[in-house]
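Input: a single structure, listed below in structure tokens.
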């Protein structure tokens, strides 16, 4: 999105599978460079009218139909009969693309779309391949995609005095430039010999302020023994960075390391003196974390956006709340706001800042309605991984912005964790760094079975061995010991002690991390120290109001020994913040237990059924469903859930359930009563 009008129009996250190259008799559209249309290998004559070609390109790139009003506003601003001109343009397009057996310009009522069946379109092929994930593309496929970039997208198609179309065109060009950059970066990583220098030259021409391309080029020049070229490039790059107010020191560090490595490996001989590094001069390698830049949102409410308005306030809030989660490296708001006026796309700025993810969006208020559109892009893959549009009626702007800010933060954190977790699963176990080992552990942890819990423990131990300052890894390790005690997979007392010890290590490393306080609160609850447990859990959500697992664990504890109404509120808040959380079954289960204590058995049964239907719901969750249903008088359904438990745990009884939980006396009595009804 970013600063461009209409950035969300065009090839988006809903793209279908890429079209295969069609036979010679098919229709082929080339949108890179000047538009070309061929049928059966024969070039078709295009109308001289720029608006006809612009309309054709807009429809060809669109993933959906548009209204005539929208198209008229896009390309006509002043003619007395814009719909008449639209009809004339459509007739010209039909004359080029329609066939006797197929009408490609489809009109249904007021809507117009383009039937792309059987067409080969270079832009679609690139966008669909990239949306599937660049890591899935082999080198040969990447080389073919690179060859499709035969010029700028829709070259020469700018239309003066039509800002909506030009804004859309600018956004599409930026998007595809990001795709091209990502393809070139991947080709450099997988290439060999002199071919990588051709890729690097293209990459550099597209992203001259991308620190990574300069670092990669310097490293390649050193490995090839081209030291003089490296020195010259370093000097030129440093001047460029300094002129833009950017720090060139990392480039100097990379060059020094690259020269030293080339010299020490005796890979090259060079007459250029090589600077030797001793241990004290070698820059320390910072522990890796996923990084994100949240770019200033565009405020479309006024023709000239004013700094300090609602859009800026929302972004300030999102940046602050993401930073409080402590799970990501978040670029400071001063930096991203300083870059706002450079007319760079979010993806370009993301590469300039060397971050993994970029969030961007816009805000628009019309009368009493507020529209906020947000997207999260993976910088290196140039891929949109999450997008959402919030369209709400506004009574109190600040309350609405706070709620939307909460949802944006929780969604971004969840999406990034999911991506990093899945990516870590594709890496060989012996090649993981601490960050990847953490996420490999999380993947196993969320399976909630004994074997996967053991695997999770191994990967968390690997993470803290590789990075003893990694608070989240200690918190994860604490949870694996919690699970062993809670699920009865090992002797309870030693596992409680291990859960407490790992949580203590997490707090010692970073007592501002909400996950560290969550781990300690959970372990203290397991140890029966409920007052201390509540203090730690409340501290976790105080540090980060968007920490969904903190709210969930508060709901879990309160559902048994605290105020059940507060437990329901906390469970609902955790689900609002993380509606697709791997622990969603626990959030629903906690709500069900609180409802049981309130005597609302029918409601409890419905929530417990929903909890048990979630993936990886364990035996205690199914027990909540069985006992809630029994209290609601639905004994046949209750017996079914109990039977599910006993197929894997034949001796499971109410004592196992209450031994894992810590209900106050009246709550425990209700579950004993439920168990009696099931005998």
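Determine if the stretch 447-454 includes at least one residue that is in the same structural domain as residue 538 (by TED's automatic domain parsing) and within 19 Å of residue 539 (Cβ to Cβ).
no
Sort through 359, 284 and tell me the only one that's within 20 Å of residue 167 (Cα to Cα) and either at pLDDT 85 or above or not assigned by TED's automatic domain parsing to the domain that holds residue 403 (or both). Reasoning before the result, please.
Values: 284 fails: within 20 Å of residue 167 (Cα to Cα).
Only one candidate passes the filter, namely 359.
In the stretch 118-204, which helices (runs of 4 or more DSSP H) lie fully inside it and hold 2 or more residues that are in contact with a strand residue (DSSP E or B) (Cβ under 7 Å, 6 or more places away or on another chain)?
In the stretch 118-204, 122-131, 163-190 are the helices (runs of 4 or more DSSP H) which contain 2 or more residues that are in contact with a strand residue (DSSP E or B) (Cβ under 7 Å, 6 or more places away or on another chain).
Could you tell me whether residue 118 is assigned by TED's automatic domain parsing to the domain that holds residue 158 and without any contact (Cβ under 8 Å) to a residue 24 or more places away in the chain?
no
Looking only at residues that are in contact with a helix residue (DSSP H, G or I) (Cβ under 8 Å, 6 or more places away or on another chain) and in a loop (DSSP other than H, G, I, E, B) in the stretch 332-355, which one is farthest from residue 214 (Cα to Cα)?
Once the filter is applied, the top-ranked residue is 332.
Based on what the data block shows, is residue 326 in contact with a helix residue (DSSP H, G or I) (Cβ under 6 Å, 6 or more places away or on another chain), modelled with pLDDT of 90 or more and farther than 28 Å from residue 182 by Cβ?
For residue 326, the condition - in contact with a helix residue (DSSP H, G or I) (Cβ under 6 Å, 6 or more places away or on another chain), modelled with pLDDT of 90 or more and farther than 28 Å from residue 182 by Cβ - is not met.
Suppose we keep only residues that are within 13 Å of residue 177 (Cβ to Cβ) and part of a helix (DSSP H, G or I) within the stretch 205-218. Which one would you say is nearest to the chain's Cα centre (by Cα)?
In this case the residue turns out to be 206.
Could you tell me whether the stretch 355-371 includes any residue that is farther than 30 Å from residue 216 by Cα, surrounded by 15 or more Cβ atoms within 10 Å (Cβ to Cβ), free of Cβ contacts under 8 Å to residues at least 40 places away in the same chain and touching a strand residue (DSSP E or B) at 6+ places or on another chain (Cβ under 6 Å)?
The answer is yes; a qualifying residue exists.
Any residue at all in the stretch 472-495 that's surrounded by fewer than 20 Cβ atoms within 10 Å (Cβ to Cβ), without any contact (Cβ under 8 Å) to a residue 12 or more places away in the chain and assigned to a loop (DSSP other than H, G, I, E, B)?
Yes; the residues of the stretch 472-495 include at least one that is surrounded by fewer than 20 Cβ atoms within 10 Å (Cβ to Cβ), without any contact (Cβ under 8 Å) to a residue 12 or more places away in the chain and assigned to a loop (DSSP other than H, G, I, E, B).
Here is a check on your reading of the model: is residue 110 touching a strand residue (DSSP E or B) at 6+ places or on another chain (Cβ under 6 Å) and surrounded by fewer than 13 Cβ atoms within 10 Å (Cβ to Cβ)?
yes
Does residue 376 qualify as being surrounded by 22 or more Cβ atoms within 10 Å (Cβ to Cβ) and in the same structural domain as residue 484 (by TED's automatic domain parsing)?
In short, no.
Within the stretch 379-420, work out how many residues are surrounded by 20 or more Cβ atoms within 10 Å (Cβ to Cβ), modelled with pLDDT of 90 or more and not in a helix (DSSP H, G or I).
Count: 1.
Can you tell me which of (1) surrounded by 15 or more Cβ atoms within 10 Å (Cβ to Cβ); (2) farther than 26 Å from residue 338 by Cβ; (3) at pLDDT below 85 is the one residue 171 doesn't meet?
Of everything listed in (1) surrounded by 15 or more Cβ atoms within 10 Å (Cβ to Cβ); (2) farther than 26 Å from residue 338 by Cβ; (3) at pLDDT below 85, residue 171 misses just condition (2).
Within the stretch 427-457, work out how many residues are free of Cβ contacts under 8 Å to residues at least 60 places away in the same chain and more than 19 Å from residue 515 (Cα to Cα). Write out each step before concluding.
Taking the stretch 427-457 and keeping what is free of Cβ contacts under 8 Å to residues at least 60 places away in the same chain, we get 427-432, 436-445, 450-457.
Keeping just the survivors that are more than 19 Å from residue 515 (Cα to Cα) gives 427-432, 450-452, 454-455.
Qualifying residue count, the stretch 427-457: 11.
Being closer than 22 Å to residue 598 by Cβ and buried (at least 23 other Cβ atoms within 10 Å of the Cβ) is the filter here; which residues of the stretch 534-556 pass it?
Correct list: 537, 551, 552, 553, 554, 555, 556.
The values are calculated or read from the model by the stated rules, or taken from the named source; none is laboratory data. None of these values were measured; they are calculated from a predicted model. All Cβ positions, even for glycine, are placed from backbone atoms using ideal geometry, and neighbour counts span all protein chains on display.
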